[in-house]
Each structure stands twice: as C-alpha cells, then as structure tokens.
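So the structure is just underneath, and the comments pick up after that.
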Amino acid sequence: MAPLANAGDLTLSTESSSPYDLAILGGLDGVPAGETRYVSWDEVAGLPTTTLELTGEFVPGKQEVTVVFVEDLWKVLPVAAEADTLLAWCTDDYFSIYPPEFIAKQKPFVVVKINGDGPDKWPPEGLSFNPGPYVISVADEVVPGTRAILDVGHKRPWGVDKIKFVNEDEALAPAFAGEWSDVSELAAAGRTIWVNSCSSCHPGPGGLVGGNKSQRPFPVLQAHAKYNTDYFRKYVRDPKSLVPSATMEPHPHYTDAQLDALVAFISAESGE
Ligand code: HEC
C-alpha cells in the first residue's frame, strides 16, 4: 500500500468532464458554500486501495472488489474541521447518511473496481445494469456483523455520483427543531429509524435532508401517520398489499414497536 497522500492532494475541478467524476458538494475548506467540485475516477482509484474478496456483493458468488475506505478519502480531501458525517446521493435521487460512529465502526468503503474493471466496463457479468459511477458499501468481510444492522442496504447505495461532508448536528437540526424540539422518547427512537432508513427516499420535516426518490412531500406521510395510522403501518410493512403498483421497498421485518416509533416521530408526538 502506498503512503496516504496529504490532505488536499486530490485535484478538485470546478467542472465535470466525465460521467465517472465524483461530485463533492461543499464541506471543503477553500470551496465556497453552495459550490460543487469534481474529482475524477482516475484520482479516486489512484488513492491507496484495498482489494476485498466479497461474496454476493454485485452478483452471486465471490468477486474481487477494489475499494477506497471512506476514512482514507476523508484524509486526502480538505474536509472542513467541523464536518463529521458523509452524505451520499445517487443518480436516481436515493440518499444515504454515514454518521461519525458508523464510519468509525463499520468502515464503509467506495468501490472503484469489480474484478479489476472500473465503471466504464461495468456491469460485471450477471448484472443487468451499471451500478456506477460509484458504490458505497460495508461488508462482514471487513467488520463482522455489519450486515446484520437494521436496513443495512441503506448503507450500500449504488449509482452514487455526489457526496457531501457535513456536521451531523447541523445536518439533522430540522429533526430537532419546532414541533420536533421536545418529542417523546418513542418519537426520538422513530427519528433514528427515519434518518437511517426512510430518509433514503423521503425528505423529512422542515426540509430535513433526504433523498426524493419517493416524490412524496413530508406532509403527505405525516397525514397518513396522524390520521390514517393503520394504512401507514400497513404501507410501510408491505406497500403492495395496499397499492399493487407501489415501488417502495417493503419493511416486513419492522416490529410493532418500530412502527409505533415511526408514527410518533412523523406526527411529532410531544414529550409532555
Ligand atoms: C427505496 C425508497 C424508499 C424508502 C427507503 C422508503 N420509501 Fe416510502 N415511498 C417510496 C416511494 C417511491 C413512494 C411512492 C409510492 C410507491 O411507489 O410506493 C413511497 C410512499 C410512501 C408512503 C405513502 C405515501 C402516499 O402517497 O400514499 C408512505 C406512508 C411511506 N412511503 C413511508 C415510508 C417510511 C415511514 C419509510 C421508512 C421506514 C419509507 N417510506 C421508506 C420510496 C421509499
């Protein structure tokens, strides 16, 4: 393994020149808020990489996957000192959040090659569409037990093309403001599930950061949770049982207590 390059060693361009560039939205020293910078795939893949033999990552069976750990990417970018959390967006508006404890413990990584090939040669045989330009993932082969985390799929997004380094408290502030500033213990538990799972496809209260693959504004979900609770619970567990054409992923593994927590959070159940 080559020694790590120093912070700021990656070339940050103001314009994208390839579909395999990684967009970085702010959170970087020297980059004005609201501006985007681009890093090329060659630069990312040129960082110190680790080759993992993973089972079932993209296709059944074993495949060799070349990765850059998020922690190492962090070190070579001029990430602002207050940033402790990574946000990632995908080409289909799917979203993932990597809080500091998750990064430290589960060691997420960015996939740059599958069986020695970069994204211009994906998909690998056996997969019908290109999971690139980037995939972020976690693996039991790296940290045993990681794949058992609730809804771990949300930490394994395909099609990642944008990332942002943020401060967790700042990013999640809308979930702790206004009606959500003094919620019940149950609602607080629901907030954790929301941020980890629902935010992948749903924007949250007060513009809380999230994906928008669902194309459903938060008030629609809130109306269901508050006034149509049985429908809400059934929808979250098994959308197709209510709407045959539903595309939302089912959550059959959610316990009644987890659904109670989500209802409490979404309807801003007060702590009094
Ligand atoms: C992978 C993306 C995805 C995730 C994750 C997701 N949803 Fe959805 N959700 C959707 C989409 C897409 C729709 C729009 C209807 C459809 O196609 O199912 C939707 C619709 C809904 C609806 C119905 C709204 C309506 O218009 O009737 C509810 C309620 C809902 N989601 C709640 C949740 C909750 C709670 C979570 C977290 C446990 C969650 N969703 C996680 C994609 C997602």
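Within the range 53-69, can one find any residue that is part of a strand (DSSP E or B), surrounded by fewer than 20 Cβ atoms within 10 Å (Cβ to Cβ), among the acidic types (D, E) and modelled with pLDDT of 95 or more? Within the range 53-69 (the criterion being part of a strand (DSSP E or B), surrounded by fewer than 20 Cβ atoms within 10 Å (Cβ to Cβ), among the acidic types (D, E) and modelled with pLDDT of 95 or more), the answer is yes, since at least one residue qualifies. Scanning the range 82-104 finds no residues that are surrounded by 21 or more Cβ atoms within 10 Å (Cβ to Cβ), on the phi < 0 side of the Ramachandran plot and free of Cβ contacts under 8 Å to residues at least 40 places away in the same chain. From the list P157, P217, P203, the one residue that fits, being outside the structural domain of P100 (by TED's automatic domain parsing) and surrounded by 14 or more Cβ atoms within 10 Å (Cβ to Cβ), is P203. Looking at (1) near the ligand (Cβ under 9 Å from one of its atoms); (2) closer than 24 Å to W158 by Cβ, can you tell me which one G210 breaks? All conditions are met except number (1). For the subset of the range 59-91 comprising residues that are polar (S, T, N, Q) and closer than 28 Å to G126 by Cβ, which member is farthest from the chain's Cα centre (by Cα)? Ranking the candidates gives Q63 first. Screening the range 33-58 for residues that are of a type in the set (S, T, N, Q) and over 19 Å from the mean Cα position of the chain (by Cα) and picking the one that is nearest to T146 (Cα to Cα) gives T55. Filtered by the rule that a residue be closer than 14 Å to I136 by Cα and among the hydroxyl-bearing types (S, T, Y), the range 51-77 gives a lone residue, T66.
Counting only residues that are in contact (Cβ under 8 Å) with a residue 24 or more places away in the chain, more than 17 Å from E71 (Cβ to Cβ) and either surrounded by fewer than 18 Cβ atoms within 10 Å (Cβ to Cβ) or of a type outside the set (S, T, Y) (or both), the range 12-30 holds 10 of them. Contact annotation: residue pairs with Cβ atoms under 7 Å, 6 or more positions apart or on different chains, pairing a residue in the range 232-250 that is over 16 Å from R216 (Cα atoms) and at pLDDT 95 or above with a partner that is outside any loop (DSSP other than H, G, I, E, B) and of a type in the set (S, T, N, Q), are K234/S241.
If you check V209 against the conditions, is it touching a strand residue (DSSP E or B) at 6+ places or on another chain (Cβ under 7 Å) and either closer than 20 Å to P250 by Cα or not acidic (D, E) (or both)? Spelling it out, V209 is indeed touching a strand residue (DSSP E or B) at 6+ places or on another chain (Cβ under 7 Å) and either closer than 20 Å to P250 by Cα or not acidic (D, E) (or both).
Residues in the range 92-128 that are within 16 Å of the ligand (Cβ to nearest atom) and out of contact with any helix residue (DSSP H, G or I) (no Cβ under 8 Å at 6 or more places or on another chain): D92, D93. State whether one or more residues within the range 231-248 are away from the ligand (no atom under 14 Å from the Cβ), crowded, with 16+ Cβ neighbours inside 10 Å, within 22 Å of the chain's Cα centre (by Cα) and closer than 13 Å to I266 by Cβ. So far as the range 231-248 goes, no, none of its residues is away from the ligand (no atom under 14 Å from the Cβ), crowded, with 16+ Cβ neighbours inside 10 Å, within 22 Å of the chain's Cα centre (by Cα) and closer than 13 Å to I266 by Cβ. Could you identify the single residue in V195, V138 that is away from the ligand (no atom under 16 Å from the Cβ) and of a type in the set (A, V, I, L, M, F, W, C)? From the options V195, V138, the qualifying one is V138. W194 falls short on exactly one of the conditions (1) in contact with a Cys (Cβ under 8 Å, 6 or more places away or on another chain); (2) in contact (Cβ under 8 Å) with a residue 40 or more places away in the chain, and that condition is (1). Criterion applied to A177, A261 was being at pLDDT 95 or above, aliphatic (A, V, I, L, M) and within 13 Å of the ligand (Cβ to nearest atom), and the one residue passing it is A261.
Residue check: L73 meets all listed conditions (1) assigned to a helix (DSSP H, G or I); (2) surrounded by fewer than 16 Cβ atoms within 10 Å (Cβ to Cβ); (3) without any contact (Cβ under 8 Å) to a residue 60 or more places away in the chain but one, namely (2).
The values are calculated or read from the model by the stated rules, or taken from the named source; none is laboratory data. Everything numeric in this text was worked out from a predicted model, so none of it was measured. Cβ atoms come from the backbone with ideal geometry, glycine included; neighbour counts cover every protein chain shown.
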